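The values are calculated or read from the model by the stated rules, or taken from the named source; none is laboratory data. What you are looking at is a predicted structure, and each value in this text was computed from that prediction instead of being measured. Virtual Cβ from ideal backbone geometry, glycine too; neighbours counted across all protein chains shown. Remember, those area values only see protein heavy atoms, side chains included, never the ligands or the DNA or RNA. Shrake-Rupley method; radii C 1.70, N 1.55, O 1.52, S 1.80 Å.
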Amino acid sequence: MTRDELISENLGLVHSCARKFINRGIDYDDLYSTGCVGLIKAIDNFDPSLGYKLSTYAVPVILGEIKRLFRDGGMIKVSRSLKELSQKATRISEEYKKENADDIPISLLAEKLEVDVYKASEALSVSTPVMSLTAHTDDGEKTLDIPTVSIEDELIEKMSLDDILNTLDDRDKELIKLRYYKHKTQVEVAKALNMTQVQVSRKEKKLLLLMREKLI
């Protein structure tokens, strides 16, 4: 599968991540275009030999790009040429959306701009309006657009754990599931797997160490 095909195939991940930040002070189009930058970075740096799925690696990268957009408040210095490209990209994107009632595919936007897909995504992302994390309301109270509690980290961790579990052999996978999904004691696991409690304890420690290293 080519790079452009991988990007098109995984744009759903970008939409899924961007939707988590709706109504937090930045337009959806800007969230989406920034997420596309994250997706492209993830695809360019993804190493399939590590045994992970692309989605597991891409989601935190996409979320990281979007969160950085909030942290930076959109105040990113860009060149005049990129600003001009951004204006053109925004115009093309808006025209396409009016005609098709949908976001323009990044690959098509890149073709119309005569640039690569990364540059096209970057051009869209720089159009984000300036936002202050310490903006004041009419009554003078400070507000923050980013909540302090989020489920995104839990989602990423669960996806990563599921992928790591799938790399274990059936017996090791069953041990982890019995211990941490079904909350069985080591004695109960030993009986279920025809092992001693000491064997279960040693194997469990090795598996947890292995899984921890893969998560880092």
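With Glu84, Glu122 as the choices, which residue is under 24 Å from Lys20 (Cβ atoms) and modelled with pLDDT of 60 or more? Can you show your working first?
On the way: Glu84 fails: under 24 Å from Lys20 (Cβ atoms).
Going through Glu84, Glu122 in turn, the sole match is Glu122.
Applying the criterion of being modelled with pLDDT of 90 or more and either touching a Leu at 6+ places or on another chain (Cβ under 7 Å) or basic (Lys, Arg) (or both) to the residues of region 183-192, the residue that is most open to solvent (accessible area, probe 1.4 Å) is Lys191. Can you name the condition, by its number, that Met195 falls short on among (1) modelled with pLDDT of 90 or more; (2) part of a helix (DSSP H, G or I)? Only one criterion in (1) modelled with pLDDT of 90 or more; (2) part of a helix (DSSP H, G or I) is unmet by Met195, namely (2).
Evaluate region 145-165: report whether one residue or more is of a type in the set (A, V, I, L, M, F, W, C), closer than 26 Å to Ala58 by Cα, modelled with pLDDT of 75 or more and surrounded by 12 or more Cβ atoms within 10 Å (Cβ to Cβ). I'd like the intermediate steps shown before the answer.
If we filter region 145-165 for residues that are of a type in the set (A, V, I, L, M, F, W, C), which is where we start, we get 146, 149, 151, 155-156, 159, 161, 164-165.
Now drop any that are not closer than 26 Å to Ala58 by Cα, which leaves 146, 149, 151, 155-156, 159, 161, 164-165.
If we keep only those that are modelled with pLDDT of 75 or more as well, we get 164-165.
Applying the additional criterion that residues be surrounded by 12 or more Cβ atoms within 10 Å (Cβ to Cβ) yields 164-165.
Yes; the residues of region 145-165 include at least one that is of a type in the set (A, V, I, L, M, F, W, C), closer than 26 Å to Ala58 by Cα, modelled with pLDDT of 75 or more and surrounded by 12 or more Cβ atoms within 10 Å (Cβ to Cβ).
Answer yes or no: is there a residue in region 195-203 that is touching a residue at least 40 places away in the same chain (Cβ under 8 Å) and of a type in the set (D, E, K, R). No - not one qualifying residue is present in region 195-203.
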